[in-house]
Amino acid sequence: MYGVKINGIGRAVPELELSNQDIAEFIDTSDEWIESRTGIKSRHISTGETTTDLAVMAAMHALKDGDIDAGSIDLVIVATVTPDSTMPSTACLVAKKAGIKNATCFDISAACSGFIYASEIAVSFIKQGNYKNALVIGAEVLSRAVDWDDRSTCVLFADGAGAAVYTRSSENKIVNILTASDGGGSDHITLPTLTRANRFNQTEMSSKYMEMNGKEVYKFATTAVPQNIQDVLNGTGYTPEDIDLFILHQANSRIMDSVAKKLEVDKERFFKNLQDYGNTSAASIPMALVDAKPYLKRGDKLILSGFGAGLTWGSMFIIWD
Ligand code: UT7
């Protein structure tokens, strides 16, 4: 088995910044409600930037950050629930635009856990020796998936992309990854595909937009995530108290505070940037990692943790290099 480390990270967001106040101009909500219930103050929304555009920008930043030549990338995985097309995959489009040739490219769908799921695949493949340099991207244009007349979702979700390059290494810095799911909770967050009824079946879709039972998802996240973090640390010789920084999916500041409390860890060790970006689903963890980087030093112990539709969840325990 080979070792693996993160060797370059990057992120990208659309230009348009939309504050809570801006949203309150066209829908019955308020800055006070959004910030006190979620911690979100602002977000970036596409005025034309596609999921592929954002993914490519994040990828280019990650390659530059790691001083990696596009030609050495042999695996590209994009985690997204808002691909520009079902085929070709976003990963193939990223490869084309970033100058990556002959790589294995595919997308995965695991919603807000997508970056952790994609990382587990990439890290396992590298450890087995199949690949040397994997580009893993979480990218979303969720502003296309929400109903802008539904205040229960449109104030939460936003657009962006984050990327990480995983590289074969003599030292292993990706200590453990543990993902899971519960299809029994599949109704709690849904987003239909764009596929229409066929000639022989004119059944109309009941909804075109993302729908979420926020309360159920909140309960699930604040129960499954602390357990999953305990489990991913199990057998490593470390406990939550030893972790320098927790980077959770940026869905709700209160979820992070609750997880901190359950793990009996100071909530200041939970990194937050959702105040500036909202909930960007698969993109949120690598985007937060980029913003956390200035505070990280070599040898820091990090937990990255995602949770969302499926229901899916997963955590990674890594040592920062
Ligand atoms: O990324 C995938 C994972 N997703 C999550 O982790 C999300 C988990 N869930 C949550 O973060 C929270 O449940 C929400 C932030 C989504 C909602 O917070 P909540 O405290 O659970 O609010 P609620 O849905 O129970 O709504 C409370 C009230 C309702 O009014 P009534 O029935 O009490 O009169 C809503 O109609 O707030 C109302 N409301 C709003 N008011 C102003 C809902 N959305 C809004 C809004 N502005 N945008």
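Each Lys and Arg Cβ is given +1 and each Asp and Glu Cβ -1; about its Cα centre, the range 3-172 then shows a dipole of about 1000 debye. Label the range 8-51 by shape, choosing from rounded, prolate and oblate, from the square roots a ≥ b ≥ c of the eigenvalues of the Cα gyration tensor; if a/c is under 1.5 it is rounded, and otherwise prolate applies when a/b is larger than b/c, oblate when it is not. Cα axes put the range 8-51 in the oblate bin.
Under a Gaussian network description of the chain, with springs only between Cα atoms under 10 Å, the residue in N198, N176, N130 that fluctuates furthest is N198. The residues neighbouring L311, those whose beta-carbon lies less than 13 Å from its own, together hold a net charge of -2 under the Lys/Arg +1, Asp/Glu -1 convention.
Here the Kirkwood formula puts the hydrodynamic radius of the chain at 19.6 Å, using every distinct Cα pair. With contributions of -39500 (n - 2.57) from each DSSP H run of at least four residues, the per-residue ellipticity at 222 nm computed over the chain stands at -9000 deg cm²/dmol. The percentage of C-alpha pairs in the range 1-122 whose separation is greater than 18 Å is 61%. Each residue, S124 and R144, gets one label point 7 Å from its Cα in the Cβ direction; the gap between the two is 2.9 nm. Residues in the range 257-272 carry Karplus couplings, in order, of 5, 5, 5, 4, 5, 5, 8, 6, 10, 4, 5, 5, 7, 9, 6, 10 Hz; the curve used is 6.51 cos²θ - 1.76 cosθ + 1.60 with θ = phi - 60°, and Gly or Pro positions show x.
Among rounded, prolate and oblate, which fits the range 248-321 when a ≥ b ≥ c are the square roots of the eigenvalues of its C-alpha gyration tensor, a/c under 1.5 means rounded, and a/b larger than b/c means prolate? Note, shape of the range 248-321 comes out rounded.
Summarising the strand pairing of the chain, around 70 percent of its internal DSSP beta bridges are antiparallel. What percent do you get for the relative contact order of the chain when only Cα pairs under 8 Å and 6+ apart count? Once normalised by length, the contact order is 26 percent. The residue among T51, I189, N20 whose Cα reaches farthest toward the positive pole of the charge dipole of the chain, with charges on the beta-carbon of Lys, Arg, Asp and Glu, is T51.
Fully extending the segment from K301 to R269, taken as 0.36 nm per residue of separation minus the present Cα-Cα distance, adds 10.4 nm. Net length available on complete extension from K262 to K41 is 77.0 nm, with 0.36 nm assigned per residue and the Cα-Cα distance removed.
Size of the range 211-282: Rg and Dmax of its alpha carbons, in Å, are 12.6, 40.
D by Stokes-Einstein for the range 175-319, Kirkwood Rh over Cα pairs, 25 °C, 0.890 mPa s: 149 µm²/s. Across the cross-link table entries K173/K301; K267/K297; K96/K127, which are compared at the Cα atoms, the separations over 21 Å belong to K96/K127. Once you mark the chymotrypsin sites (Phe, Trp or Tyr not before Pro) that are in a DSSP loop and have at most 12 other Cβ atoms within 10 Å, what is the longest gap between them in the chain? Value returned for the longest uninterrupted segment is 27-199.
Across the accessible surface of the chain, with the other protein chains kept in place and a 1.4 Å probe, carbon and sulfur atoms take up 48 percent. When all protein chains stay in place and ligands, DNA and RNA are ignored, the 1.4 Å accessible-area order of E171, E49, largest first, is E171, E49. Would you mind counting up the charge near D244? Only other residues with Cβ under 12 Å from its Cβ, with Lys and Arg at +1 and Asp and Glu at -1. Within the 12 Å Cβ shell, the charges total -1. Given R0 = 35 Å, the distance between the Cβ atoms of S207 and S170 translates into a calculated FRET efficiency of 0.10. The relative contact order of the range 3-172, computed from alpha carbon pairs under 8 Å that lie at least 6 residues apart in sequence, is 35 percent. Extending 7 Å from Cα along the Cβ direction at E241 and again at Y2 yields two label points whose distance is 3.8 nm. The charge dipole of the chain, taken about the Cα centre with unit charges on the Cβ atoms of Lys, Arg (+1) and Asp, Glu (-1), comes to about 920 debye, rounded to the nearest 20.
The values are calculated or read from the model by the stated rules, or taken from the named source; none is laboratory data. Keep in mind it's a predicted model, so treat the numbers as computed, not measured. All Cβ positions, glycine included, derive from the backbone under ideal geometry; neighbour counts span all protein chains shown. All accessible areas refer to the heavy atoms of the entire protein, side chains included, with ligands and DNA or RNA removed. Shrake-Rupley method; radii C 1.70, N 1.55, O 1.52, S 1.80 Å.
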